[in-house]
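The values are calculated or read from the model by the stated rules, or taken from the named source; none is laboratory data. Computed from a prediction, not measured in an experiment: that's the story for all the values here. Here the Cβ positions follow ideal geometry from the backbone for every residue, glycine too, while neighbour counts run over all protein chains shown. SASA here: full protein model, heavy atoms, side chains in, ligands and nucleic acids out. Shrake-Rupley method; radii C 1.70, N 1.55, O 1.52, S 1.80 Å.
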Amino acid sequence: MSGNERFVSGASEHPNQDAARRTETAPSQNPFAVLFGCSDSRLAAEIIFDRGLGDLFVVRTAGHVAGTEVLGSLEFGVAVLNAPLVVVLGHDSCGAVAAACSALENGKTPGGFVRDVVERVTPSVLAARAAGRESVEEILAEHIEHTVDLLLERSRVLADAVDAGRTAVVGLSYRLADGSAQLVAARGLDVPVPAAS
């Protein structure tokens, strides 16, 4: 989060982005976090968190939807690379969330494999609405939190690591206009989660 604060304020340090770091990390990697985020081109993890080579093990899909390949990648980051933190990163103006909301409203879903992405986001939209959370920000927060919980429900490796205190899983919501990331969910980490704004 300190790297995100630097990015937001325009004081990025660009750590670990030189030839020496490239040489240092060539034989092996030891990232301090696994980041599972949306594929959106405006959401480059190393830039928005002011990090560099070898710092983050990044997995991205549209709408941060998690299939078996994603789960396997996240488990690799935790079980093999020993990363103590998994971050689920969502963002405002997410096309997958908007498409899921639109599909529920007009009954039309996109074709091809985009349909699968929309169908995987839809339960989050339904859960938010069932809880009376109707704003775009509330629906996004619900989708991020749902993804955090889904990872722990579907992956015994991740759940065991959290239960043992070796790993925490958090959800962050990124604001495209100002570049800030806000905590919306935390599992295995004793930090207060601010109320949705």
Please return the longest stretch of the chain lacking exposed loop sites, where trypsin sites (Lys or Arg not before Pro) count only if DSSP places them in a loop and at most 15 other Cβ atoms lie within 10 Å. 43-107
Rounded to whole Å², per residue accessible area for the stretch 96-197 with a 1.4 Å probe reads 52 Å²
Along the charge dipole of the chain, Cβ charges K/R +1 and D/E -1, which of 86, 107, 1 sits furthest on the positive end? 107
Pop out the carbon and sulfur fraction of the accessible area of the chain as a percent, whole number, probe 1.4 Å. 54 percent
Magnitude of the Cβ-charge dipole of the chain, K/R +1 and D/E -1, about the Cα centre, nearest 20 debye? 300 debye
Longest exposed-loop-site-free stretch of the chain, with GluC sites (Glu not before Pro), DSSP loop and at most 15 other Cβ within 10 Å? 14-133
Where nothing but the Cβ of Lys and Arg (+1) and of Asp and Glu (-1) is charged, how large is the charge dipole of the stretch 90-197 around its Cα centre, in debye to the nearest 20? 260 debye
Can you sort 61, 23, 109 by 1.4 Å-probe accessible area, starting with the largest? 23, 109, 61
Which FRET efficiency value, to the nearest 0.05, do you get for residue 25 and residue 153 by plugging their Cβ-Cβ distance into 1/(1 + (r/R0)^6) with R0 = 41 Å? 0.80
Contour minus Cα-Cα distance for residue 82 and residue 18 (0.36 nm per residue): 20.6 nm
On average, how much accessible surface per residue is there in the stretch 27-67, in Å², for a 1.4 Å probe, leaving out ligands, DNA and RNA? 39 Å²
Determine the sum of side-chain charges near residue 13: Lys and Arg each +1, Asp and Glu each -1, restricted to other residues whose C-beta is under 9 angstrom from that of residue 13. 0
If you average the sequence gap of Cα pairs under 8 Å that are 6 or more apart and divide by the length of the stretch 54-145, what percent do you get for the contact order? 27 percent
The stretch 23-92 and the stretch 145-170 have their Cα centres apart by a whole-number Å value of 15 Å
